[in-house]
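The values are calculated or read from the model by the stated rules, or taken from the named source; none is laboratory data. This is a predicted model, so every value here is computed, not measured. Cβ atoms come from the backbone with ideal geometry, glycine included; neighbour counts cover every protein chain shown. The accessibility values were calculated without ligands, DNA or RNA, using every heavy atom of the protein model including side chains. Shrake-Rupley method; radii C 1.70, N 1.55, O 1.52, S 1.80 Å.
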Amino acid sequence: MGRPSFETRPAAAPQDEAERVANHGSQPMTRAGWIRLLVIAAAVAVLEIACRVGWIPVTVVIPPSAMATSLYDIIASGTHWNDILVSLRSVVAAAVIAVLLGFLVGAVIHAFPVVRGAVEPLLASYYAVPTFMFYPVFIILFGVGSGAIIAIAVLLAIVAMISATLTGLDRIPTVLGKTARIMRLGPVERAFRISLPAAMPYLFTGVKLAVAYAFIGVIASEFILSGAGMGYAIAYAYNNFNNREMYGLMLLIVLVVTVVNTALDTVDRRLQARLRR
C-alpha cells in the first residue's frame, strides 16, 4: 500500500504576507487619490470659468491660470527667492525644535504618571487658546524677526508632538518590555532597540502634525512680525492691491505644503503598514 499523499502548499513568507497586506491597504488610497484629483480639477475648472465669465470679479479672485502664470514669473524673476528661503528656514527650524522638544517633554510626562494626570487635561484643551496672543511677549524676548516667528510656530506645533509621543509610548506592547528585561537591556539600549521602533508609527504622526503647524505658525506670524518671508510678501502685495502677485505667492505656498505633506504621508503609510505586520 502506498503512502497517502497530502497536497501541501508552502506557507507565505512573512515579507510576502506583509507586502500583500500593504498592497491591499494601498488600493483604496489609490482610488481615493484619483477621486481627490478629480475633485480638485473640477473645482479649479469651475473657478477658472467663474473668473473668466465675470461671475467673480478679478478684484476679488484671479483665474487659476493667471495664478500659475504669476507663480512662473515669480520663480523666473527670482524677486522673492529670499522671502522663500527665509520662510523655509523658519519652518524647518520650528519643526525640528518642536519635534525634538515635544518628544523629550512627552517622554518625561509619560515616565511620571502623577505629572501626566495633572498635565494631560491641559494638553487636551491647549488649542482652544489662541497662540498668537502671546506675540507681544515673544517680541520682547526675541525681538522683531525670525526668533519670535520660530517661537510662535514651536508653541503651536509642540503639543501635537507631545500628544503623539504619549500615544506611541502607551501603545508599546507589554511583551516587548518583558523581552527587554529577559535580555537585560539597559535603558538606552531598550529605548533604541525596542521602544522607539515600536512607537515610531505614532511618533511620525506627531511629526506630520508638527510640520503642518510649523507652516501655519511661520506664515501667519510673518504677516505681522516680519519684514521678510512669504507671509510678509503676501501682506505687502495685498496692501498694494497687487492681486496677481499675491495669488501667485499663495499658490506657491499651497504647492510647497502639498509636496511636503505628500512626502510625509507616503512615509507614514509605510510605517503604518509595518505596524500591521
Self-check item: Unique match (being assigned to a helix (DSSP H, G or I) and surrounded by 13 or more Cβ atoms within 10 Å (Cβ to Cβ)) among Leu85, Leu122
Solution: Leu85
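Does Ala153 qualify as being among the hydrophobic types (A, V, I, L, M, F, W, C), surrounded by fewer than 22 Cβ atoms within 10 Å (Cβ to Cβ), closer than 26 Å to Val129 by Cα and modelled with pLDDT of 85 or more? Walk me through it before giving the result.
Values: among the hydrophobic types (A, V, I, L, M, F, W, C): yes; surrounded by fewer than 22 Cβ atoms within 10 Å (Cβ to Cβ): no; closer than 26 Å to Val129 by Cα: yes; modelled with pLDDT of 85 or more: yes.
It is false that Ala153 is among the hydrophobic types (A, V, I, L, M, F, W, C), surrounded by fewer than 22 Cβ atoms within 10 Å (Cβ to Cβ), closer than 26 Å to Val129 by Cα and modelled with pLDDT of 85 or more.
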Exercise. State whether the residues of the stretch 20-43 include one that is farther than 30 Å from Leu166 by Cβ, open to solvent by less than 40 Å² (accessible area, probe 1.4 Å) and without any contact (Cβ under 8 Å) to a residue 24 or more places away in the chain.
Key: yes
Self-check item: Filtered residues of the stretch 246-273 (kept if open to solvent by 80 Å² or more (accessible area, probe 1.4 Å) and more than 17 Å from Gly206 (Cα to Cα))
Solution: Val254, Leu255, Val259
Self-check item: Trp81 more than 26 Å from Thr266 (Cβ to Cβ) and not acidic (Asp, Glu)
Solution: yes
Quiz item: Taking helices (runs of 4 or more DSSP H) that fall entirely within the stretch 179-245, which contain at least 2 residues that are modelled with pLDDT of 85 or more and either loosely packed, with under 15 Cβ neighbours inside 10 Å or more than 22 Å from the chain's Cα centre (by Cα) (or both)?
Solution: 230-239
Self-check item: Filtered residues of the stretch 104-159 (kept if among the aromatic types (Phe, Trp, Tyr) and under 30 Å from Val86 (Cα atoms))
Solution: Tyr126, Tyr127, Phe132, Phe134, Tyr135, Phe138, Phe142
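Before we move on, is Val53 surrounded by fewer than 10 Cβ atoms within 10 Å (Cβ to Cβ) and either of a type in the set (A, V, I, L, M) or modelled with pLDDT under 80 (or both)? Lay out the reasoning, then the answer.
On the way: surrounded by fewer than 10 Cβ atoms within 10 Å (Cβ to Cβ): yes; either of a type in the set (A, V, I, L, M) or modelled with pLDDT under 80 (or both): yes.
Yes: the conditions hold for Val53.
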Quiz item: So Leu100 fits all but one of (1) open to solvent by 80 Å² or more (accessible area, probe 1.4 Å); (2) at pLDDT 85 or above; (3) of a type outside the set (D, E, K, R); (4) more than 20 Å from Pro201 (Cα to Cα); what number is the exception?
Solution: (4)
